[in-house]
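Working notes for the structure below.
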Amino acid sequence: MKNPWRNHPAYSLLLALNILALLPQTFWLDPLTLLLLLLLWSWGLAWKTGYLPLPNPWSKVVLTLIVAAAVLGQQAVLLGLRGGSALLAVMLLMKSLEIRTERDFYSAMVGLFFMQLSLLFHNDSWWMGLYVLFLALGMLALLWLLTQNKARDRLPDCLRHASPILRLALQALPLTVALFLLFPRLAQPLWGLPLDSTQGKTGLSDKLSPGDLIELFLDDTPVFRASRFQPAMPPLDQLYWRAMVLWHFDGRAWKRGWLPAQARQKPAKDDTLRYLLVNEAYAGNWLVSLDWPVDGDYQAQLTLDGQWISRQQWQPAGEHQLISARTDRQESAHPLALSWGLQLPPAGNPQTRSWARQQLKKHGSPAAFLRFVLNHFNRENFYYSLTPQPLGENTVDDFLFRTRIGYCEHYASALAFTMRAAGIPARVVTGYLGGEYNPLGQYIVVRKSDAHAWTEVWLKGQGWVRVDPTAAVAPERVQTAIRDQQAVHDQGMMTVDIWLKQQLDWLAYRWNRWFLQYNYDLQRSMLHNLGQWPRHLSLWMLALLGLLPLGWWLYHWQKRDRLLQQWHQLQRQLKRVVPEAPVQQGPEALARWARLHLQGGDELARWIQHWLQLRYGPAGSPPLPPLPPIRRCDKPPSSHA
Amino acid sequence: MNLDSIAPSGRMDRLTMKRAGKTLPWQPDRRQLFILPTRGGIILGIALLFMLLGSLNYNNNLAIALTFFMTSCLLVSAIWTHRHLQDCRLLELQALPVHAGESLKIRLFWQPPETSYLPEIQGLNLQVARHDNHIDLLLPTHHRGWLKLPPLKLTSRYPLGLFVAWSWWRYSRKLLIWPAVEIQPPPLPRLQTVPAKSNYPFSQGDLTELQRWQAGDPMSRVAWKILARHGQWLSRHPEGENESHGPLLLREEDTGLRDREAAISRLTAWILEAERLSIPYGLELRGQPSIAPALGEAHLTCCLERLALA
């Protein structure tokens, strides 16, 4: 039996939509999965062109199971977003290999719907939105083709005549906007997150072991943008964006911890720095703020060690007003902080431990010891490199006395360990440093590549002091990039690609601020603001609604048929005075009747003739006189004769 | 079998047929127009519901926008479907009368909406062929007399096939079906004006004389076979025709049949034969005033109508 869909343009379109939905997945799917998916898709193409038959039902089941197992085997998290979308793609492509009825098309379209959704969950930038909109229009065209029943035509010819689809989409837009704004949003998610939270989208993880950050330095993806600094924007190399504090060291990795929440303080007025932070969505319960955070509208707790801890493991894109203290850190010593700040693994890195104790004894005070260590980093042949040699079991010993090559996380970790070994409380802080100024939107964009780690050391009398050992080794790491930008900006040496990059980033920033962050709270406040309007808006609306029928009536009253109304008036009066009058008859007949049966009927007959003249005669007749009085005859006219 | 007795299949059809349009020209009124999602519409609708749930849960605004956009397109397409059918107009009906047993060809002129997609038309028990400005219906007939057209169902899935709108039309006027013609009727009865001449009511009328063709002889009497074989122009003249040009009165009793339908079939055949032979004929049915003998199209129609409704 021949399958009628093989040469149907709808099948060509389905194949095209499948490959278009697969295309962006190349960004996040592994090569083997992609290869398998591509092979499945080519089978559909081969069937269409006549090289291969469709698989029979049994082989289809086996094939599905094998491919699904292979694809899922490739995923780190079995039912995460990636695994899910890969599985979805397998299902969709298999469904496209068993098209027999129109219903199979609808099933495939459901698959396409969910593919689009997974694309958006992976990436919610404006260009992905445009891409998916394009796909959605393609799906409308597919439905159109299925309905048109033009099995013979070629796909391009069919699509050329599918322009009503665009009209339909345009007509759907107002409703889309209304639904988007007004459809009630969820205040709390209904279920947890299957999204791959271990591969946190911003890359900062809650633990730091050598080599962790390296992936980030090569990634240009923006993490957040900050603007509207009040009173003024600090220099870029002073922008330490604090994310997490790592307290616990196990000999290899630093792990995160946080102290109890603190009461929100009020810094001295001239010490505050207000700014607006617009973040992209990411996984994690931490939030970024400028060192040292004091207050803000995050839905989170601010802990004593200056971290924002959210209750959710997923931070949506959003816009936040935050306040930082510029100089006064105001951090009180918490007993837990002092004990955590001295924690060390029971064994390991013996060389560093003894070296630290010796040097502290030699320099006397902790502050002097700290200065010495930083000088040591600077004077000795320590190098900054993004491709350091691998470290052995005693990571700190290896780094300090053997390799001496590393980047921020090595230095931060080594410094913190050395301080602790000398009995001085210390901790590692991760976050971002600096950012790139966008003159177009007057904001700072911070990218994954700005990730940074530094150290904080407890000094009696000064409290926790931020120490950036990387700056001691390689100040250029902190300053080069920034200087380059400023030079470019100052001298007007904008190359086209920088200009384009800034334009695009500005677009993304606007997109985040205006579109992505709309949520339950904003919807509520918007509706609340609408609720404040009744005095003005609602009254006007009601008045307008009331005026509409009035206007309608006025319009019709003006266009009414005066002559017809006069005729109706005559009929009414006749009926009232002479109930048996033949009012349903035509004017001529009525005039004859009036002459015979009414007192003064001649006058009425003349009036009717006049009316006829106006109605049907040439233009220019004088206007109709008022209706003559209608009186019954006292006696029937026949008795006169 | 009476066509009226054929009920529409589904319950929905039975319900909605009560609102069928009856007039011509006709355009579906809002109250005569029904719309429901198709299976595809239901499948995609459920998918959209799940998409909405997922995207609301993560408050992914793009996903929410996509879901609402597709939902809006679905809803707008429903309006389009409705309007598409509402723009259909049935204008005029043409049908040539037929004898019972033949197929009735009806040409229904219409004005479909100006789209590349024509609404579908279904009828019970009849064939339908759609064209750009008319619809051809082929309807088998079984009985003489008035025939009510079976209901027509206009269906549209334009533009996306996610909704189906339909409307019923059942013409209130009836069409007259002439009686069936007896296939091999006996020859015409002898002239009733001179019944004494023969004992047989119908003699050997099938014997024909061949005479030289003369100008004025109708074409139907030309002996074509002989012309083809011998090249001679001859025309047939039924025996005795020349002697008895007097008008015939065809009476129901003369058929000699008791069965009414058979008798009417025979009379029909006779009338047609008499008209063909140009013998003036009249008709007398039991219990009805007789139709005086005459000839011609109008007379024939008059007689056939009388027979159809007898």
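The values are calculated or read from the model by the stated rules, or taken from the named source; none is laboratory data. On a predicted model such as this, the values are computed, not experimentally measured, just so you know. Cβ: placed from backbone, ideal geometry, glycine included. Neighbour counts: every protein chain shown. Accessible surface is based on the protein model in full, side chains and every heavy atom, while ligands, DNA and RNA are left aside. Shrake-Rupley method; radii C 1.70, N 1.55, O 1.52, S 1.80 Å.
Residues to consider are B:Tyr171, B:Tyr117; find the one that is assigned to a loop (DSSP other than H, G, I, E, B), touching a strand residue (DSSP E or B) at 6+ places or on another chain (Cβ under 9 Å) and under 16 Å from B:Leu24 (Cβ atoms).
Values: B:Tyr117 fails: under 16 Å from B:Leu24 (Cβ atoms).
None of the others qualify; the one that does is B:Tyr171.
Looking only at residues in segment B:114-123 that are away from chain A (no Cβ under 14 Å) and open to solvent by less than 40 Å² (accessible area, probe 1.4 Å), which one is nearest to A:Ile165 (Cα to Cα)?
First pass over segment B:114-123, keeping only residues away from chain A (no Cβ under 14 Å): B:121-123.
If we keep only those that are open to solvent by less than 40 Å² (accessible area, probe 1.4 Å) too, we end up with B:121, B:123.
On the way: B:Ile121: 24, B:Gly123: 31 Å.
Only one residue tops the list, namely B:Ile121.
Every residue in segment A:310-334 that is part of a strand (DSSP E or B), in contact (Cβ under 8 Å) with a residue 40 or more places away in the chain and either farther than 22 Å from A:Tyr518 by Cα or within 14 Å of chain B (Cβ to nearest Cβ) (or both), please. Give the derivation first.
Step one: filter segment A:310-334 for residues part of a strand (DSSP E or B), giving A:310, A:314-315, A:318-325.
If we keep only those that are in contact (Cβ under 8 Å) with a residue 40 or more places away in the chain too, we end up with A:314, A:318-325.
Answer for segment A:310-334, where residues must be part of a strand (DSSP E or B), in contact (Cβ under 8 Å) with a residue 40 or more places away in the chain and either farther than 22 Å from A:Tyr518 by Cα or within 14 Å of chain B (Cβ to nearest Cβ) (or both): A:Trp314, A:Gly318, A:Glu319, A:Ile323, A:Ser324, A:Ala325.
Does segment A:170-178 include one or more residues that are more than 9 Å from chain B (Cβ to nearest Cβ) and either crowded, with 21+ Cβ neighbours inside 10 Å or touching a residue at least 12 places away in the same chain (Cβ under 8 Å) (or both)? Give the steps one after another, and end with the answer.
Just the residues of segment A:170-178 that are more than 9 Å from chain B (Cβ to nearest Cβ), to begin with: A:170.
Restricting the remaining residues to those that are either crowded, with 21+ Cβ neighbours inside 10 Å or touching a residue at least 12 places away in the same chain (Cβ under 8 Å) (or both) gives none.
The answer is no; no qualifying residue exists.
Could you give me the residue pairs with C-beta distances under 8 Å whose first residue belongs to segment A:130-154 and is over 15 Å from A:Asn7 (Cβ atoms), whose second residue is charged (D, E, K, R) and outside any helix (DSSP H, G or I) wherever it lies, and which are 6+ apart or on separate chains?
Listed by first residue and then by second, the contacts come to A:Thr147/B:Arg157.
Could we say that A:Ala426 is within 30 Å of A:Arg225 (Cβ to Cβ), touching a residue at least 24 places away in the same chain (Cβ under 8 Å) and under 42 Å from the mean Cα position of the chain (by Cα) here?
Values: within 30 Å of A:Arg225 (Cβ to Cβ): no; touching a residue at least 24 places away in the same chain (Cβ under 8 Å): yes; under 42 Å from the mean Cα position of the chain (by Cα): yes.
No.
How many residues does segment B:34-54 contain that are at pLDDT 90 or above and facing chain A (nearest Cβ under 7 Å)?
So the answer is 6.
Does any residue in segment A:77-92 that is at pLDDT below 85 and surrounded by fewer than 24 Cβ atoms within 10 Å (Cβ to Cβ) come within less than 6 Å, Cβ to Cβ, of a residue that is assigned to a helix (DSSP H, G or I) and of a type in the set (Phe, Trp, Tyr) six or more places away or on a different chain, and which pairs are these?
Short answer, once both residue conditions are applied: A:Leu81/A:Phe121.
Take the residues in segment B:55-79 that are in contact (Cβ under 8 Å) with a residue 60 or more places away in the chain and crowded, with 23+ Cβ neighbours inside 10 Å, then tell me which one is farthest from the other protein chains (Cβ to nearest Cβ).
Quick first cut of segment B:55-79, residues in contact (Cβ under 8 Å) with a residue 60 or more places away in the chain only: B:73-74, B:77-78.
Those still in the list that are crowded, with 23+ Cβ neighbours inside 10 Å too: B:73, B:77.
Details: B:Cys73: 4, B:Ser77: 6 Å.
Here the answer is B:Ser77.
Among the residues of segment A:60-67, is any of a type in the set (S, T, N, Q) and open to solvent by less than 40 Å² (accessible area, probe 1.4 Å)?
From segment A:60-67, those of a type in the set (S, T, N, Q) are A:64; that's our starting set.
This time we only want the ones that are open to solvent by less than 40 Å² (accessible area, probe 1.4 Å), so: A:64.
Yes.
Considering each residue of segment A:304-324, count those that are crowded, with 21+ Cβ neighbours inside 10 Å and closer than 14 Å to A:Ser289 by Cβ, and give that number. Give the steps one after another, and end with the answer.
Let us first name the residues in segment A:304-324 that are crowded, with 21+ Cβ neighbours inside 10 Å, namely A:305-308, A:315, A:317-318, A:320, A:322, A:324.
So of that shortlist, the ones also closer than 14 Å to A:Ser289 by Cβ come out as A:305-308, A:315, A:318, A:320, A:322, A:324.
Result for segment A:304-324: 9.
If I ask for residues that are within 10 Å of another protein chain (Cβ to nearest Cβ), among the hydroxyl-bearing types (Ser, Thr, Tyr) and in contact with an Asp or Glu (Cβ under 9 Å, 6 or more places away or on another chain), which ones from segment B:156-173 would you list? I'd like the intermediate steps shown before the answer.
So the first thing to find is which residues in segment B:156-173 are within 10 Å of another protein chain (Cβ to nearest Cβ), and the list is B:156-162.
Remaining after also requiring among the hydroxyl-bearing types (Ser, Thr, Tyr): B:156, B:158.
Within segment B:156-173, just B:Ser156 meets the criteria.
How many of the residues making up segment A:571-614 are touching a Phe, Trp or Tyr at 6+ places or on another chain (Cβ under 8 Å) and of a type in the set (A, V, I, L, M)?
1
Yes/no per residue for (1) touching a residue at least 60 places away in the same chain (Cβ under 8 Å); (2) more than 29 Å from A:Gly129 (Cβ to Cβ):
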position: A:Ala16; (1), (2): yes, no
position: A:Leu22; (1), (2): yes, no
position: A:Leu40; (1), (2): no, no
position: A:Leu63; (1), (2): no, yes
position: A:Gln75; (1), (2): no, no
position: A:Phe105; (1), (2): yes, no
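Taking segment A:129-169 on its own, how many of its residues are more than 7 Å from chain B (Cβ to nearest Cβ) and either part of a helix (DSSP H, G or I) or charged (D, E, K, R) (or both)?
So the count comes out to 25.
Taking segment A:91-126 as the search range and keeping residues that are of a type in the set (Gly, Ala, Ser) and not in a loop (DSSP other than H, G, I, E, B), which one is nearest to the other protein chains (Cβ to nearest Cβ)? Steps first, please.
Quick first cut of segment A:91-126, residues of a type in the set (Gly, Ala, Ser) only: A:96, A:107-108, A:111, A:118, A:125.
Restricting the remaining residues to those that are not in a loop (DSSP other than H, G, I, E, B) gives A:96, A:107-108, A:111, A:118.
Details: A:Ser96: 16, A:Ser107: 7, A:Ala108: 11, A:Gly111: 9, A:Ser118: 9 Å.
Here the answer is A:Ser107.
For A:Glu393, state whether it is open to solvent by 30 Å² or more (accessible area, probe 1.4 Å), acidic (Asp, Glu) and not in a strand (DSSP E or B).
Details: open to solvent by 30 Å² or more (accessible area, probe 1.4 Å): yes; acidic (Asp, Glu): yes; not in a strand (DSSP E or B): yes.
The answer is yes for A:Glu393.
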